[in-house]
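Encoded as structure tokens, the structure appears first; notes follow it.
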Amino acid sequence: MPLAIGLFAVGVLAIVVVFALFLAGHSDLPVALNVAATYLPAIGLGLGIIAVIRKSRQKKS
């Protein structure tokens, strides 16, 4: 779960940076920043959902 939260937080931070740079007039952003803003929140959210499901199933047993 901490990994999921970390990835999601870094991804949201990357989204904020992309918007800030766009508002500052930059249009050609680095590929790594675009990839981080695109995929890290989704990966973090997916891992978080998987962690919650696994934890809930362990408590039932």
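Starting from the Cα-Cα distance between Ala20 and Ala51, subtract it from 0.36 nm times their residue separation and give me the gain in nm to one decimal.
Taking Ala20 through Ala51 to full extension adds about 8.0 nm, to one decimal.
Any idea what the relative contact order of the chain is, in percent, if you count C-alpha pairs under 8 Å spaced at least 6 apart? Walk me through the numbers on the way to the answer.
Numbers: 51 pairs, mean separation 31.8, N = 61.
Relative contact order, the chain: 52 percent.
Using only Cα atoms, tell me the angle between helix 31-60 and the longest principal axis of the chain; keep it within 0 to 90° and round to the nearest 10.
Roughly 10 degrees between the two axes.
Work out the P(r) tail for the chain: percent of alpha carbon pairs separated by more than 15 Å, whole number. Show your work: numbers first, answer last.
Working: 1008 of 1830 pairs.
The share of Cα pairs beyond 15 Å in the chain comes to 55 percent.
According to a simple spin-label model (label point 7 Å from Cα along Cα-to-Cβ), what is the distance in nm between Ala9 and Asp28?
3.5 nm
Where a number appears in this text, it was derived from the coordinates with a stated rule and is not lab data. Note that the structure is predicted; figures quoted are calculated from it, not measured. Backbone-built Cβ (ideal geometry, glycine too); neighbour counts: all protein chains shown.
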